[in-house]
Amino acid sequence: MKSFFRHIYILLILAFSLSASAESKFTANIKLLNGHEYSGVEFSPPKNWDKEITVKVNSEKLKIKGDSIDHIVFWPTKYPDNSQVMCWHTYGAMDSKNGEYKLDLGHNSKKGEVSKQWFVLYEAGDHVNLWSCFAEIKLRKDKVYLSSSLSSPLFFQKQDGAFVHIPFSVFSSGKTRKWLSAYFSDDEILTELLSDKTQLYDKGSAAYRNGSLYIPYKYEDIVKLYVAGRKK
């Protein structure tokens, strides 16, 4: 069975030959957990709280529950090369002091269920992926933008598959640095780099992503640099 990370890379380099109606803003290939796949269907991106998606198959609308979906590859219909990967997944947080990870239960705790939400792949690496949750997916010409109501909408995912929230506050960015050092403590070289405040950090306008989201830490670079279990 192919590893998750290899699977992500294959998805990202797919060349899509299928096309959809020009009236559709997005087109998607949707792989279900049972192995069934909808290919080249018209796709309406969900709000981040929606538990299902809407697609159009043979001119008929079809609603698919998030819990039945393995992953979605979608792209602006007119720009098939600009593909994105999306999934419906559980998530949680890590305590930087003891390394304990706890799933988010949210409003589902009384039902004994864990919370899930939609994520789009932000950056893929050999040893860790970076995902972003969102409030809405918007299309501006050929570009896909994610809007968010969170100051920190990004999550790391290592080989164990857990989606781990990255905490950040403009008033205590040093806490994020300590958190990153704890989360990536198995990579001694990256941990040493993170201890240098002049590295992997943007200031001023350079800290804004997509023109609005303030992300001073260079998470994309961290994804590329991290090597699990690396020693000096």
- Item | TYR201 vs. criteria within 30 Å of LYS78 (Cβ to Cβ), within 21 Å of the chain's Cα centre (by Cα) and of a type in the set (Phe, Trp, Tyr) | no
- Condition met for GLY92 (more than 30 Å from ASP142 (Cα to Cα) and open to solvent by 40 Å² or more (accessible area, probe 1.4 Å)): no
- Mind checking which pairs have a first residue in the range 127-142 that is under 20 Å from PHE156 (Cα atoms) and without any contact (Cβ under 8 Å) to a residue 60 or more places away in the chain and a second that is open to solvent by 60 Å² or more (accessible area, probe 1.4 Å) and assigned to a strand (DSSP E or B), Cβ under 7 Å, 6 or more apart or different chains? TRP131/TYR122; SER132/TYR122
- Considering only the range 171-203, state which residues are open to solvent by 30 Å² or more (accessible area, probe 1.4 Å), of a type in the set (Val, Ile, Thr) and outside any loop (DSSP other than H, G, I, E, B). ILE189, THR191
- Failed item in (1) closer than 26 Å to ALA228 by Cβ; (2) in contact with a helix residue (DSSP H, G or I) (Cβ under 9 Å, 6 or more places away or on another chain); (3) free of Cβ contacts under 8 Å to residues at least 24 places away in the same chain, with LYS102 passing the rest: (2)
- Item | Residues (in a loop (DSSP other than H, G, I, E, B) and farther than 18 Å from SER148 by Cβ) located in the range 204-228 | LYS218, TYR226, VAL227, ALA228
- Of the listed residues (GLU52, GLU37), the one being acidic (Asp, Glu), out of contact with any helix residue (DSSP H, G or I) (no Cβ under 9 Å at 6 or more places or on another chain) and open to solvent by 60 Å² or more (accessible area, probe 1.4 Å) is GLU37
- Residue hits (the range 43-61; part of a strand (DSSP E or B) and touching a residue at least 24 places away in the same chain (Cβ under 8 Å)) are PHE43, VAL55, LYS56
- Item | Any strands (runs of 3 or more DSSP E) falling wholly within the range 62-165 and containing at least 1 residues that are under 13 Å from the mean Cα position of the chain (by Cα) | 69-76, 84-90, 116-124, 129-133, 136-140, 143-147, 154-157, 163-165
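The values are calculated or read from the model by the stated rules, or taken from the named source; none is laboratory data. Not measured: the values here are computed from a predicted model. Cβ coordinates were reconstructed from backbone atoms using ideal geometry, including for glycine residues, and neighbour counts include every protein chain displayed. Only protein heavy atoms, including side chains, enter the accessible area calculation; ligands, DNA and RNA are left aside. Shrake-Rupley method; radii C 1.70, N 1.55, O 1.52, S 1.80 Å.
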